[in-house]
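The values are calculated or read from the model by the stated rules, or taken from the named source; none is laboratory data. Bear in mind the structure is a predicted one, so any value in this text is a computation, not a measurement. So basically every Cβ, Gly included, is an ideal-geometry build from the backbone, and we count neighbours across all protein chains shown.
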Amino acid sequence: MKITLGPVLFNWPAEKWRDFYFRIADEAEVDAVCLGEVVCAKRLPFFEPVLPEVAERLMAAGKEVIFSTLALVMNKAERKAVRAVAEMAGEALVEINDISALAHMDGAPFMAGPFINIYNEATLGFLARKGAARVCLPPELGEEAIAALTKAAGELGVETEVMAFGRMPLAVSARCYHARVHNLSKDGCQFVCEKDANGMDLKTLDDEPFLAVNGIQTMSHACLNLAGEARALAEMGVAALRLSPQDCDMVRVAGIFRALADGEIEPEAAGRALDDLALPFPFANGYFHGKPGAEWIGRLVDSAAARA
Amino acid sequence: MSLELVCPAGTPSSLREAVDAGAHAVYCGFRDETNARNFPGLNFSRKELEEAIAYAHERGAKVLVAINTFAQAGRMALWEQAVDDAASMGADALILADLGVADYAARKHPGQRLHLSVQASASSPEAIGFYVREFGVKRVVLPRVLTLPEIAALNAEIDCETEVFVFGGLCVMAEGRCLLSSYATGKSPNMNGVCSPPSHVAYSEREGGEMVSRLGEFTINTFAAGEKAGYPTLCKGRFEAGGRKLYVFEDPTSLNAVDMLGEFAKAGVTALKIEGRQRSKAYVRKVVSDFRRAVDALESGEAAHTSLASLSEGTQETEGVYRKTWR
Amino acid sequence: MALSLPERLPGFVGRLPAPPPGLLRPVFQQLIAGMLRRHPEMFERLGEYGRRRFLIDPVDLPVIFIMRPDAERPLLTPHRRGEAVVWEAAVRGPLPKLISMVNGEEDGDALFFSRDIVIEGDTEAVLALRNAIDDAGIDLVEETEALLGPFAGVLAALRKRAVPLLEAAARIAGAARAAAGRAHDKAGAHDGAGEDGGRGAEGAS
C-alpha cells in the first residue's frame with residue numbers, strides 16, 4: 001500500500017507550512033503529498049508565494065505531488081482559486097474537492113478528494129468516465145462500503161485511498177466559527193484560526209471534548225487511527241492510506257504507517273508507537289466498524305491481532 | 001412571473017393540507033433511506049404516493065419526489081427502484097443529490113424532469129452548470145450558504161431555475177457535506193437520511209428543572225427551567241470553545257425570509273421552499289397559507305406580513321442567512 | 001382561532017380524587033380498540049414502534065395512562081398518579097395541550113420548543129407516535145363520542161358552545177366517567193362515579 005500525505009487543513013504560518021513540507025520532502029516515507037488550500041481561500045495568499053519551491057522540493061525528493069482544491073466554492077475569489085489549480089490538470093494530478101473543480105477537468109485524469117460524495121458504485125462509475133484515476137473515500141464509510149467500492153473501483157481501473165490518520169473533516173460552512181467564537185466577522189476575521197495549529201477544541205457543556213473548529217470547517221476532536229485496520233484495508237485492495245497532517249511529528253507518523261503497510265511491524269506495535277506520540281486528543285476508528293465516528297473500538301482489533 | 005411555492009409533506013394528510021392551503025408544489029419522499037427526512041412514522045408508501053399525486057394533480061398542484069440521499073454501496077437497487085417508481089407514478093420532478101442516482105435517472109428516464117437537491121451542495125455556476133450539462137437538471141435548490149447578492153449573481157450565470165429556502169429549520173453547514181451526526185451516532189443525513197437521529201436523542205431533567213438534551217454520548221444543550229428549547233440538532237447546540245460557552249455554530253433559530261420575497265423575485269429566483277417534512281400538519285397548514293398569501297400579495301403589489309415565530313425552533317426567527325452579516 | 005385557549009386545566013382538577021382506575025379500564029380499552037378499527041393506517045404507520053409502552057401524562061389530571069398502540073394487542077390503561085408503571089417513552093403536558101396536539105390543532109414541535117410538552121425515554125418512538133397520529137387525523141372528541149353511542153347526539157349539540165379545547169377535555173373526561181358508570185351499572189355496584197363525572201363535565205364546559 002502507498003502512503004499519501006493529505007493537504008494541511010489548518011492555518012499554519014507560511015514559514016511553518018514551508019518547513020513542514022521541506023522536512024516531509026527530506027525525511028518522510030510517503031509516496032504522494034497533497035498541496036494546496038482546501039478550507040479557506042482567504043489563507044491562500046500567505047503560502048502561495050512559497051508553494052512552488054515546496055512543490056519542487058517534494059518532486060525532487062521523488063514524491064508525487066497532488067494539487068488540492070477548495071471544498072466549498074461560492075464567491076469569485078474561491079472560483080478563481082479553483083480554476084487556477086484546475087488548469088494544471090493534465091500536467092499534474094489535481095484533487096477535486098467540489099463539483100466546481102470537476103467542471104474544469106475536461107477529461108483529464110484527476111483525483112477525487114474526501115469532500116466529494118462517493119458512496120456507491122454508480123457514482124464511482126460516473127466519475128471514472130469523467131477521468132477519475134484515484135479517489136479518497138469519505139471518512140464516514142464503514143468496512144463493507146469501503147470493500148464494495150474498492151472492488152468496483154478495481155474493475156473500473158480506479159485506485160481507492162482511505163483516510164487513516166488525523167482529525168476527521170466533518171463539515172464545512174459558509175460561516176467561520178473561529179471568527180464567531182472570537183466575536184469577529186468572517187470578513188474581518190484577523191486570521192484568528194492561525195492560533196490553533198490543530199484546530200480549536202470544542203467541549204460539551206458537561207466539559208467533554210467533542211469537536212474541533214478550523215475556520216469554516218468542523219473536525220472531530222478525536223484523531224482517526226486505522227493502524228489496526230490497515231491490514232484489512234490492504235486485503236480489500238485499497239491502494240493508499242491517507243495521513244492528514246496534525247501539528248505533531250508527522251515524519252514519525254508516516255514512518256509508522258509505512259512500516260505497517262510494508263509488514264515490517266505488527267498492528268499492535270504500530271498502535272503502541274502512535275500512542276507514544278502522546279497527542280493531545282484520543283484516537284477513534286468507529287466509522288470503519290459501522291459505529292459512531294467518535295468511538296474507539298479497541299477490543300476487536302486486539303482479538304484480530306491475537307488470532308493472527 | 002409568479003413565484004412557485006414548494007411545500008413540505010411528511011405524511012399523506014400533510015400533503016392534502018398543503019395542497020388545500022395553496023401550495024403550488026409539494027415535495028415528499030418514500031418511507032425509506034432514499035430520502036433525507038427518513039424519520040419514524042413519516043413518509044409515503046408506494047400506494048400513498050400514487051394517491052397523493054392524484055390528489056394534487058386534480059387540484060392543479062405538482063408533486064416533487066425527493067430521492068436525495070446518497071445511495072449506499074451494494075444497495076443501489078433501492079434508489080433505482082425509487083427513481084423508477086416515482087417516474088412511473090407521474091411525479092412532476094425528482095429531487096436528486098447523488099451523482100450516481102442522477103446519472104441513472106437521466107439515462108433511464110430521459111423525459112423525466114430532474115431537480116438538484118440542496119444536499120448536492122452546488123453553490124457555484126461551475127458546479128450547477130455541470131449538473132445541467134451532464135443530467136439535464138432543470139432546477140437547483142440552492143444551498144443555504146449563499147447571500148442574496150450571490151444568488152442574484154448566480155442566476156445571471158446559469159441555465160436553470162433556482163429554488164431557495166424561505167422558512168423553517170436552517171442548516172448552517174453545507175448540506176450533504178456534514179458528518180456531524182454520524183460522528184456522534186453512526187447515522188448520517190447522507191447515508192441514512194437522518195440528521196441528529198431521534199433514535200439517539202435523549203432528554204432528561206436535572207435538579208432545579210434544568211433539561212439536558214443529548215445526542216449519542218454527547219450533551220448538546222442544557223435549558224434552564226422555562227427556557228425555550230430546541231431539538232438537539234448538533235449544529236444548534238451550546239458548547240464551550242475559546243473559553244466561552246455559546247451557540248458556536250448557530251443559535252436555535254429558524255429561517256423566515258417572508259419579507260424578502262420581492263428581493264428573491266428580483267434576483268431571478270423561480271421557487272420558494274418551505275422546510276419541514278418532519279413537522280405536523282398544523283405547521284404545514286399555517287406556514288403554507290401564510291406564505292401563499294404573501295406570494296399573492298407580492299404579485300398584486302400589496303404588503304403582507306406573517307407571524308410564524310411560535311412555530312420556529314427556540315421560537316426565534318432570522319432571515320440573516322441571506323445577509324452577509326450572518327457570516 | 002380567535003378564542004384564547006386555557007394553558008392547562010384549572011388547578012382544582014388535578015386535586016380531584018382520581019376515579020378508581022379499575023372502573024375506567026374497560027372504557028379506555030374500548031377507546032383504543034375503536035381507534036384501531038377506525039384508523040388502521042395509523043397503527044400500520046407506527047409499525048414496530050407500536051410495541052413500545054408509552055406513558056401519557058396529563059400533568060393537570062390525577063390520572064396517567066399507559067398506551068401500547070400495537071395493532072395485534074392494543075392497550076390503553078389508566079393509572080393513579082404516583083402508581084408505579086413501566087414505560088419506554090413518555091409524553092407529559094397539560095391535557096389541553098396534549099389534546100390539541102393529537103387533534104392536529106397545534107404543532108408538536110412548537111409545543112416542545114416552548115416547553116409545554118416534555119418528552120422522555122425513547123424519543124424515536126414518541127416521534128413515530130406523533131407523526132402517525134398527525135397523519136391519521138384523530139379527533140379525540142369523535143373517538144369518545146363513538147364510544148358513547150346514543151349519547152353522541154347530545155354532545156354534538158354541546159359542541160357548538162364554549163372554548164373548544166377545554167370543552168373537549170371536559171367531554172372526554174365526562175364521557176369516560178359516564179361510560180365507566182354504565183359499565184359499572186352493568187356490574188351492579190354503582191358508587192356514583194358516573195354522576196360526579198357528569199357534573200364535572202357540565203361545570204367545565
Subject >> Subset tally (residues that are in contact with an Asp or Glu (Cβ under 8 Å, 6 or more places away or on another chain) and either basic (Lys, Arg) or assigned to a loop (DSSP other than H, G, I, E, B) (or both)) for region B:187-216 >> reply: 3
Original post:
Got a sec? Which of B:Leu96, B:Leu15 is buried (at least 20 other Cβ atoms within 10 Å of the Cβ), over 30 Å from B:Gly301 (Cβ atoms) and within 14 Å of chain A (Cβ to nearest Cβ)?
Top reply: B:Leu96
Original post:
Among (1) under 23 Å from A:Gly154 (Cα atoms); (2) out of contact with any Asp or Glu (no Cβ under 9 Å at 6 or more places or on another chain); (3) modelled with pLDDT under 95, which single condition is A:Ile118 missing?
Top reply: (3)
Original post:
Looking only at region A:79-105, which residues are surrounded by fewer than 24 Cβ atoms within 10 Å (Cβ to Cβ) and under 15 Å from A:Val158 (Cβ atoms)?
Top reply: A:Leu93, A:Met105
Original post:
Before we move on, is B:Val212 away from chain C (no Cβ under 14 Å) and touching a Leu at 6+ places or on another chain (Cβ under 9 Å)?
Top reply: no
**OP:** Would you mind finding the one in B:Val164, B:Val145, B:Val137 that is surrounded by 22 or more Cβ atoms within 10 Å (Cβ to Cβ) and more than 12 Å from chain A (Cβ to nearest Cβ)?
**Re:** B:Val164
Original post:
Which ones in region A:76-98 are in a loop (DSSP other than H, G, I, E, B) and without any contact (Cβ under 8 Å) to a residue 24 or more places away in the chain?
Top reply: A:Glu87, A:Met88, A:Gly90, A:Glu91
**OP:** Check B:Val194, B:Val201 and return the single one that is crowded, with 22+ Cβ neighbours inside 10 Å and over 23 Å from B:Ile67 (Cα atoms).
**Re:** B:Val201
**OP:** Six or more apart or on different chains, Cβ under 9 Å: which pairs go from a residue in region B:103-115 that's on the phi < 0 side of the Ramachandran plot to one that's of a type in the set (S, T, N, Q)? Could you list them?
**Re:** B:Asp103/A:Thr123; B:Ala105/B:Gln112; B:Ala106/B:Gln112; B:His109/B:Ser88
**OP:** Check region B:289-310 and report whether any residue there is modelled with pLDDT of 90 or more and within 26 Å of C:Arg115 (Cβ to Cβ).
**Re:** yes
**OP:** With the checklist (1) more than 14 Å from every other protein chain (Cβ to nearest Cβ); (2) under 13 Å from the mean Cα position of the chain (by Cα); (3) not basic (Lys, Arg) in hand, flag the one item C:Ala84 doesn't pass.
**Re:** (2)
Original post:
Which of (1) surrounded by 23 or more Cβ atoms within 10 Å (Cβ to Cβ); (2) free of Cβ contacts under 8 Å to residues at least 40 places away in the same chain; (3) more than 13 Å from chain A (Cβ to nearest Cβ) does B:Lys47 not meet, given it meets every other one?
Top reply: (1)
Original post:
In region C:17-45, which residue that is modelled with pLDDT of 90 or more and touching a Lys or Arg at 6+ places or on another chain (Cβ under 9 Å) is surrounded by the most Cβ atoms within 10 Å (Cβ to Cβ)?
Top reply: C:Arg45
**OP:** Would you mind telling me which numbered condition in (1) in a loop (DSSP other than H, G, I, E, B); (2) more than 9 Å from chain A (Cβ to nearest Cβ) B:Ile151 fails?
**Re:** (1)
**OP:** Just one of (1) under 18 Å from B:Cys171 (Cα atoms); (2) in a loop (DSSP other than H, G, I, E, B) trips up B:Cys235, so point out which.
**Re:** (2)
Original post:
If we keep just the residues of region B:1-24 that are of a type in the set (Ser, Thr, Tyr) and part of a loop (DSSP other than H, G, I, E, B), which is modelled with the highest pLDDT?
Top reply: B:Thr11
**OP:** Output the residues belonging to region A:54-82 that are within 16 Å of the chain's Cα centre (by Cα) and either on the phi > 0 side of the Ramachandran plot or charged (D, E, K, R) (or both).
**Re:** A:Glu64
Original post:
Using beta carbons and a limit of 9 Å, which pairs, at least six apart or on different chains, have the first residue in region A:166-183 and at positive phi and the second one crowded, with 24+ Cβ neighbours inside 10 Å and of a type in the set (Lys, Arg)?
Top reply: A:Gly166/A:Arg242
**OP:** State whether one or more residues within region B:217-226 are in contact (Cβ under 8 Å) with a residue 40 or more places away in the chain, in a strand (DSSP E or B), in contact with a Pro (Cβ under 8 Å, 6 or more places away or on another chain) and within 20 Å of C:Ala110 (Cβ to Cβ).
**Re:** no
Original post:
What about A:Ala240, is it hydrophobic (A, V, I, L, M, F, W, C), at the interface with chain B (Cβ under 9 Å from one of its Cβ atoms) and out of contact with any helix residue (DSSP H, G or I) (no Cβ under 8 Å at 6 or more places or on another chain)?
Top reply: no
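Conditions tested, residue by residue: (1) within 14 Å of A:Pro13 (Cα to Cα); (2) touching a Leu at 6+ places or on another chain (Cβ under 9 Å).
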| residue | (1), (2) |
| --- | --- |
| A:Cys189 | no, no |
| A:Glu194 | yes, no |
| A:Gly199 | yes, yes |
| A:Asp206 | no, no |
| A:Ile216 | no, yes |
| A:Ser220 | no, yes |
| A:Leu224 | no, no |
| A:Arg231 | no, yes |
**OP:** Take region B:164-191 and flag every residue that is touching a residue at least 60 places away in the same chain (Cβ under 8 Å), closer than 13 Å to B:Gln119 by Cα and not aliphatic (A, V, I, L, M).
**Re:** B:Phe165, B:Cys171, B:Gly176, B:Pro189, B:Asn190
Original post:
Which pairs do you get when a residue that is of a type in the set (Asp, Glu), found in region B:293-310, comes within reach of a residue that is modelled with pLDDT of 80 or more, reach meaning Cβ atoms under 7 angstrom, with the pair 6+ apart or on two chains?
Top reply: B:Glu299/B:Ser2
